[in-house]
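These notes concern the structure reproduced below.
The values are calculated or read from the model by the stated rules, or taken from the named source; none is laboratory data. Since the structure is predicted, the reported quantities are computational estimates derived from the model, not experimental observations. Cβ sites come from the backbone with ideal geometry, for glycine too, and all protein chains shown count toward neighbours.
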Ligand SMILES: [Zn+2]
Ligand SMILES: [Zn+2]
């Protein structure tokens, strides 16, 4: 199954990451040890997850086992703090949780009344604006992350989220070249919202710096979500799905899962079964105090290909045991 549940994320490791504030770690652990819906009783965890976030010797902060974890164990689940379906999945995925839905039109759709109600925190604001120019910009450039910034902006305007929501995530520097590329999206977002009859005071956070900073953080922290195949029908349609340009159902940003470092021979992985809720699972037995690592890329690539992808796409040279062995 793991080959079908590939995901991708761009998370360069920074040589000198900011120190992690203990109170923020406590917050993360408590908010992500959710007993979420759709978790089977066997998976449902009692108490906090068996992990702690701590500083590593070389890769900034990381996630460590606080006790022995057995192969296959569900370590914890995590709800996204921000997610958005791919533009090609707007009519095929719930606009809130990314669960598969069948719908005719091209407008956003929801899997349940609950998701529809939950989406009010951004959708009521979003519906006030004309997004045709912004969406056309994203489609023509093949961009997905500006849609997530748009959603966060709508959440902030509605009062449901803080403009600083993502500040705990690894920051990313914005080069002049990147800023130039972001400028059009920023202008387009501003134009859409300025035509939406939103009181001025509610959009004061929406500076150029805010847009660039949020987009840069999303770029290096977002996970690409491909739902696990859950039925025979899915299996039959997967061959066709694979040839589509965008197989991912959407993208999401999480808090705790973003703290996992990379390894080409990981001891943990993330799966998405039916929606954007991430499930972190142990791939093998893990000893207490061992660091939990996931693979950011397709682990079946050979050594040189992995090094190239990680360096170009993620900004670091991998020195994991597998790479050091030349495998
Ligand atoms: Zn839903
Ligand atoms: Zn490696």
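Below is a table of values for the structure above.
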{"item": "Selected residue (criterion: nearest to residue 250 (Cα to Cα)) from residues of region 96-109 that are within 8 Å of ligand 1 (Cβ to nearest atom) and touching a strand residue (DSSP E or B) at 6+ places or on another chain (Cβ under 6 Å)", "result": "98"}
{"item": "Residue under evaluation residue 84, criteria (1) part of a loop (DSSP other than H, G, I, E, B); (2) within 15 Å of ligand 1 (Cβ to nearest atom), criterion not met", "result": "(1)"}
{"item": "Region 194-213, residues that are surrounded by 13 or more Cβ atoms within 10 Å (Cβ to Cβ), assigned to a loop (DSSP other than H, G, I, E, B) and over 26 Å from the mean Cα position of the chain (by Cα)", "result": "196, 198"}
{"item": "Residues satisfying the stated conditions in region 160-182, i.e. surrounded by fewer than 12 Cβ atoms within 10 Å (Cβ to Cβ) and touching a helix residue (DSSP H, G or I) at 6+ places or on another chain (Cβ under 8 Å)", "result": "173"}
{"item": "Positions within region 110-125 being touching a helix residue (DSSP H, G or I) at 6+ places or on another chain (Cβ under 6 Å) and more than 16 Å from ligand 1 (Cβ to nearest atom), in sequence order", "result": "125"}
{"item": "Residue 80 closer than 30 Å to residue 267 by Cβ and at pLDDT 95 or above", "result": "yes"}
{"item": "Selected residue (criterion: nearest to residue 256 (Cα to Cα)) from residues of region 293-305 that are touching a helix residue (DSSP H, G or I) at 6+ places or on another chain (Cβ under 7 Å) and crowded, with 16+ Cβ neighbours inside 10 Å", "result": "296"}
{"item": "Residue count for region 270-309, restricted to those that are within 16 Å of ligand 2 (Cβ to nearest atom) and either on the phi > 0 side of the Ramachandran plot or part of a loop (DSSP other than H, G, I, E, B) (or both)", "result": "9"}
{"item": "Test: residue in region 310-322 that is within 25 Å of residue 55 (Cα to Cα), in a strand (DSSP E or B) and at pLDDT 95 or above", "result": "no"}
{"item": "Total residues in region 99-126, condition surrounded by 12 or more Cβ atoms within 10 Å (Cβ to Cβ), free of Cβ contacts under 8 Å to residues at least 12 places away in the same chain and not in a helix (DSSP H, G or I)", "result": "1"}
